[in-house]
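Since the structure comes first, as structure tokens, the remarks are kept for the end.
The values are calculated or read from the model by the stated rules, or taken from the named source; none is laboratory data. Just so we're clear, the structure is a prediction, and the values are computed from it rather than from any experiment. Cβ sites come from the backbone with ideal geometry, for glycine too, and all protein chains shown count toward neighbours.
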Amino acid sequence: MPKVKIKRKSTAIDMTAMCDVAFLLLTFFMLTSNFTQKEPVKVSTPASISEIKLPDRNVISILVDAKGKVFLGADGQDNRVQMLTKMGAAYNVTFTAAELKEFSLINKFGVPITMMKTYLALKTEERDLPQNALGIPCDSLDNQFKSWVSVAKTVNAEYRIAIKADQATTYPVIKKLMGTLQDINENRYNLLTSLKNAPDYE
Amino acid sequence: MSEVAQDNNQGKKKGKTKKMSTRVDFTPMVDLGFLLITFFMLATTLNKPQTMEIAMPSKEKVTEEDQTKIKASRAVTILLGKENKVFYYEGTRENNIDPVLNQTDFSPKGMRQFLIKKNYDIMVQVRQLKALKDAEKLSPKDFEKKRDEIIADKKAPIVLIKGTIDSSYKNLIDALDEMAICNIGRYAIVDITPFDLELLAKKL
């Protein structure tokens, strides 16, 4: 009987196709996604059936954590610099060019304006520590939150206001924020929520 | 794609030169590709955040004549209590008789059932309109417009949402959600009044 010769096959696989797939996926992810922004506090938003999306640009985001601390962020680095300069002028604090530059890189901050200088001197990873994340004062005696929002509006009139609050935030805190916004005639704003399916018996 | 056509004449000059394979091993490149994909998947978000748009009344003082007086029969007041409890009553105090304060919650069989019953005509109309849209006889834009018209009906209930100090932000969002689900066109977030607190105190 003749021996059956088994052909030895090469174990090397052509990786070209796989490579194509990998880079195709990579391109897809790079184009469709946007980077998650670091937030000073963890907030879990309540679910809602609303499906309106938040615009990408011109948003002042107000972050409220469960304890009622208020944080603020606005997009556009130039806008941030202008905001801080104006706020500094209003509260008699002068900021150096380096501090302004540092501020323009911060996404969300939550410190009283008097503490801003020390806050900006901190290292990035120290800023979000609980003892440094104080929240912006927004009570009736010292309403810096109100000044921040109105200053932001003068810098860029197209800013929309988006409130992202934790579901456990108490109603009085929210009421106070809404009242403050009403004072400066900001009556339309967005409330950030997470998605929940709508019941289907309309 | 990765193979380059070889110049055959070059090899034949001096006997046998070893033909070098032009195949490139793509494995490390695939590794790199997937590494980058993993990074992008972890560092980014695909979905934009969802929002709910609300418009609050402006704080400018309105004179008595400018204020729209609503019929008591149309008014429904929702009180957000503590531990996710909800209370509602219709109308207001008339001839010294207090409205009945009912306790419920935000489950599908709670507040929603009452609102749907109260707003039944409009719910039916919107449902018919939605059927038209689903059958593609109506563009989404027209649907929105007609829906807004139906919702603004003169006989539809007007809901006042009032939060107590014990309620949370979640309750407020739930209440606003119910407005959207039940097609309530006119609602407002209002400050709680002593009268409401009195009613609540009596109930508890």
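Taken over the range B:84-112, the criterion of being modelled with pLDDT of 80 or more and among the charged types (D, E, K, R) is satisfied by B:85, B:90, B:105, B:109, B:112.
Within the range A:1-45, the set of residues being part of a strand (DSSP E or B) and not aromatic (Phe, Trp, Tyr) comprises A:34 only.
The residue that is surrounded by the fewest Cβ atoms within 10 Å (Cβ to Cβ), among those in the range B:32-56 that are at the interface with chain A (Cβ under 7 Å from one of its Cβ atoms) and either part of a loop (DSSP other than H, G, I, E, B) or at pLDDT 90 or above (or both), is B:46. Of all residues in the range A:77-125, those being of a type in the set (Gly, Ala, Ser), buried (at least 18 other Cβ atoms within 10 Å of the Cβ) and within 24 Å of residue A:36 (Cα to Cα) number 1.
State whether the residues of the range A:88-103 include one that is in contact with a Leu (Cβ under 7 Å, 6 or more places away or on another chain) and of a type in the set (A, V, I, L, M). Checked against the condition, which is being in contact with a Leu (Cβ under 7 Å, 6 or more places away or on another chain) and of a type in the set (A, V, I, L, M), the range A:88-103 yields at least one hit. With respect to (1) without any contact (Cβ under 8 Å) to a residue 60 or more places away in the chain; (2) over 18 Å from the mean Cα position of the chain (by Cα), the lone exception for residue A:90 is condition (1).
None of B:177, B:166 is more than 20 Å from residue A:50 (Cβ to Cβ), charged (D, E, K, R) and within 13 Å of another protein chain (Cβ to nearest Cβ) except B:166. Would you mind telling me which numbered condition in (1) assigned to a loop (DSSP other than H, G, I, E, B); (2) in contact with a Gly (Cβ under 9 Å, 6 or more places away or on another chain) residue A:62 fails? Unmet condition: (1). Entry remark, the range A:8-36: residues being surrounded by 12 or more Cβ atoms within 10 Å (Cβ to Cβ), facing another protein chain (nearest Cβ under 7 Å) and of a type outside the set (S, T, N, Q) number 9 in total.
Restricting to the range A:139-185, name every residue that is outside any helix (DSSP H, G or I), more than 11 Å from chain B (Cβ to nearest Cβ) and within 24 Å of residue A:37 (Cα to Cα).
So the first thing to find is which residues in the range A:139-185 are outside any helix (DSSP H, G or I), and the list is A:139-143, A:156-170, A:184-185.
Then keep just the ones that are more than 11 Å from chain B (Cβ to nearest Cβ); that gives A:139-143, A:156-159.
Residues satisfying the conditions are A:156, A:157, A:158, A:159.
Does residue A:49 meet the test of being without any contact (Cβ under 8 Å) to a residue 24 or more places away in the chain, within 14 Å of another protein chain (Cβ to nearest Cβ) and more than 19 Å from the chain's Cα centre (by Cα)? No, not satisfied.
Is it the case, given these coordinates, that residue A:42 is out of contact with any strand residue (DSSP E or B) (no Cβ under 7 Å at 6 or more places or on another chain), modelled with pLDDT under 85 and either crowded, with 21+ Cβ neighbours inside 10 Å or of a type outside the set (Asp, Glu) (or both)? Spell out the reasoning first.
On the way: out of contact with any strand residue (DSSP E or B) (no Cβ under 7 Å at 6 or more places or on another chain): yes; modelled with pLDDT under 85: yes; either crowded, with 21+ Cβ neighbours inside 10 Å or of a type outside the set (Asp, Glu) (or both): yes.
In short, yes.
Selection of first residues in the range B:102-130 that are facing chain A (nearest Cβ under 10 Å) and of a type in the set (Lys, Arg) and of second residues that are buried (at least 19 other Cβ atoms within 10 Å of the Cβ) and assigned to a strand (DSSP E or B), restricted to Cβ pairs under 7 Å at least 6 apart or on distinct chains, gives an empty result.
Would you tally the residues in the range A:56-76 being surrounded by 14 or more Cβ atoms within 10 Å (Cβ to Cβ) and either away from chain B (no Cβ under 14 Å) or farther than 21 Å from residue B:170 by Cα (or both)?
The initial filter retains those residues of the range A:56-76 that are surrounded by 14 or more Cβ atoms within 10 Å (Cβ to Cβ), namely A:58-66, A:68-76.
Still in the list and also either away from chain B (no Cβ under 14 Å) or farther than 21 Å from residue B:170 by Cα (or both): A:58-60, A:71-76.
Adding up the residues that qualify gives 9.
For residue A:36, state whether it is over 30 Å from the mean Cα position of the chain (by Cα), modelled with pLDDT under 85, of a type in the set (Ser, Thr, Tyr) and under 30 Å from residue B:38 (Cα atoms). Answer is no for this residue.
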